[in-house]
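One structure below.
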Amino acid sequence: MASLLKLTPSPLLSTSNLCSFPAKTPTWHPIPHTFRIKDRQIAQSSKFDSFLDLEPKSKPESLNFDIPWFNQADRPKFDVVVIGAGPAGLRLAEQVSRRGIKVCCLDPSPLSMWPNNYGVWVDEFESLGLEDCLDAKWPITCVHINDRKTKYLDRAYGRVNRKDLKLRLLSECATHGVRFHTAKVWKVNHEEFESSVLCDDGTELRASLIVDASGFGSTFTEYDKPRNPGFQIAHGILAEVDEHPFDLDKMVLMDWRDSHLGNEPQLRASNSKFPTFLYAMPFDSKLVFLEETSLVSRPVLSYAEVKRRMVARLRQLGIRVRAVIEDEKCLIPMGGPLLQLATQLFRQWRLALW
Ligand SMILES: Cc1cc2nc3c(=O)[nH]c(=O)nc-3n(C[C@H](O)[C@H](O)[C@H](O)COP(=O)(O)OP(=O)(O)OC[C@H]3O[C@@H](n4cnc5c(N)ncnc54)[C@H](O)[C@@H]3O)c2cc1C
């Protein structure tokens, strides 16, 4: 680590492409059941034939936590500047600062709750010492390959309590002196003996090493060839339902069955070309997270079609959605050329979460 920091001009390291996503993997096994919906406003409807007209009422949440802020006067130069306070950026900042390295983490909204519903393999999270940040576990994961064949994986899957995880990482960052600054990075400059970032509020920060943890939409990552990626696209809902058919001790990693498209010739034809699967985390008999996912397609499958397939699937499974608590759209570039050398270095440096 120390020798890495001595590299000048510093390489721009990237944490994107590090996660083993889609690691979406398996039936809610309360940890105990700490999942909380009591404070949320929930969109409700008396119509049960389609959930698409239900607007989730949950609003983006901001965390009430006291973090140490960057002050121009006290530290003109850092050892490491981390761009992005997502899971990867915060974990990296926390791990690096434990070793006495001076870190500043930049994000347009460092205290916002992360928007995505995260699922992870329990053993991987345990090995990171983060098992306290799971709010549900399923001992078995299953994959429905078709109507006749189902595979059971003897590997536990968990749902991340993203509030607990973010608070834990922020707290450890604060303990180890990480400074935070609310800004979007516009530009990264590399000079002979140091690098710097220029932010949208005019702040310029200098550092020996800049780490790009701004996610898959990074504008700083360089590729050595033109990029024409495929895309993963998914629509997910955390839903209150009248009933569902899932076992509570099994998480459905992938349900590839297509019999629900029997009366939908157009959807069936396009599903043969670009198939989608259902990912389901049953929390209890009335609460379930459901996501219809196209693993990868080029060009990207239409979002409206993903939703239509999900409506047909839920109807056949007998799932009537009473209320949508949260929804999420996933659109992630997949594949394409490799990163340039400086960013590739980080592939071997597995400090990120996923
Ligand atoms: C709907 C959805 C569901 C997902 N589910 C899973 C899952 O179940 N399991 C899984 O492993 N992965 C999942 N993923 C993939 C997920 O993106 C990553 O696992 C994880 O969020 C990556 O973390 P990250 O910190 O690299 O990036 P992000 O979470 O994208 O965080 C990047 C941060 O950088 C900030 N930022 C961006 N640009 C700048 C800038 N110019 N200057 C300063 N800050 C900037 C952003 O505000 C953000 O806070 C999902 C993704 C989506 C969209």
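Which residue pairs have Cβ atoms under 7 Å apart, sit 6 or more places apart or on different chains, and have a first residue in the range 113-136 that is assigned to a helix (DSSP H, G or I) and a second that is of a type outside the set (A, V, I, L, M) and within 12 Å of the ligand (Cβ to nearest atom)? Pairs that qualify, where the first residue is assigned to a helix (DSSP H, G or I) and the partner is of a type outside the set (A, V, I, L, M) and within 12 Å of the ligand (Cβ to nearest atom), are VAL122/TYR157; VAL122/GLY158; PHE125/GLY158; GLU131/PHE125. Only residues that are in a loop (DSSP other than H, G, I, E, B), out of contact with any Phe, Trp or Tyr (no Cβ under 8 Å at 6 or more places or on another chain) and within 15 Å of the ligand (Cβ to nearest atom) were counted across the range 72-85, and they come to 1.
When VAL178, VAL185 are screened for being at pLDDT 95 or above, near the ligand (Cβ under 9 Å from one of its atoms) and not small (Gly, Ala, Ser), only VAL185 passes. The residue that is nearest to the ligand (Cβ to nearest atom), among those in the range 97-137 that are of a type in the set (Phe, Trp, Tyr) and within 30 Å of VAL188 (Cβ to Cβ), is TYR118. Pairs are defined by a Cβ separation below 6 Å, a sequence spacing of at least 6 or placement on different chains, a first member in the range 208-224 that is farther than 16 Å from ALA183 by Cα and of a type in the set (S, T, N, Q), and a second member that is assigned to a loop (DSSP other than H, G, I, E, B) and away from the ligand (no atom under 15 Å from the Cβ); the pairs so defined are SER208/SER10. Just one residue in the set GLU194, GLU264 is modelled with pLDDT under 95 and within 30 Å of LEU301 (Cα to Cα); that residue is GLU264. Against the criterion of being surrounded by fewer than 20 Cβ atoms within 10 Å (Cβ to Cβ), within 16 Å of the ligand (Cβ to nearest atom) and at negative phi, LEU301 does not qualify. In summary, strands (runs of 3 or more DSSP E) completely within the range 206-287 and bearing 3 or more residues that are within 11 Å of the ligand (Cβ to nearest atom) occur at 230-241.
Would you be able to say whether some residue in the range 86-93 is among the basic types (Lys, Arg) and within 11 Å of the ligand (Cβ to nearest atom)?
Looking through the range 86-93, at least one residue is among the basic types (Lys, Arg) and within 11 Å of the ligand (Cβ to nearest atom).
Determine whether LEU331 is modelled with pLDDT of 95 or more, within 13 Å of the ligand (Cβ to nearest atom), touching a helix residue (DSSP H, G or I) at 6+ places or on another chain (Cβ under 9 Å) and not hydroxyl-bearing (Ser, Thr, Tyr).
Yes.
Within the range 164-179, the set of residues being surrounded by fewer than 23 Cβ atoms within 10 Å (Cβ to Cβ) and either farther than 18 Å from TRP121 by Cα or touching a Phe, Trp or Tyr at 6+ places or on another chain (Cβ under 7 Å) (or both) comprises LEU167, ARG168, SER171, GLU172, ALA174, THR175, HIS176, GLY177. Of the residues VAL197, VAL143, the single one that is of a type in the set (A, V, I, L, M, F, W, C), part of a strand (DSSP E or B) and closer than 30 Å to HIS260 by Cα is VAL143.
The values are calculated or read from the model by the stated rules, or taken from the named source; none is laboratory data. Computed from a predicted structure; not experimentally measured. Note: ideal-geometry Cβ built from the backbone for every residue, glycine included; neighbour counts use all protein chains shown.
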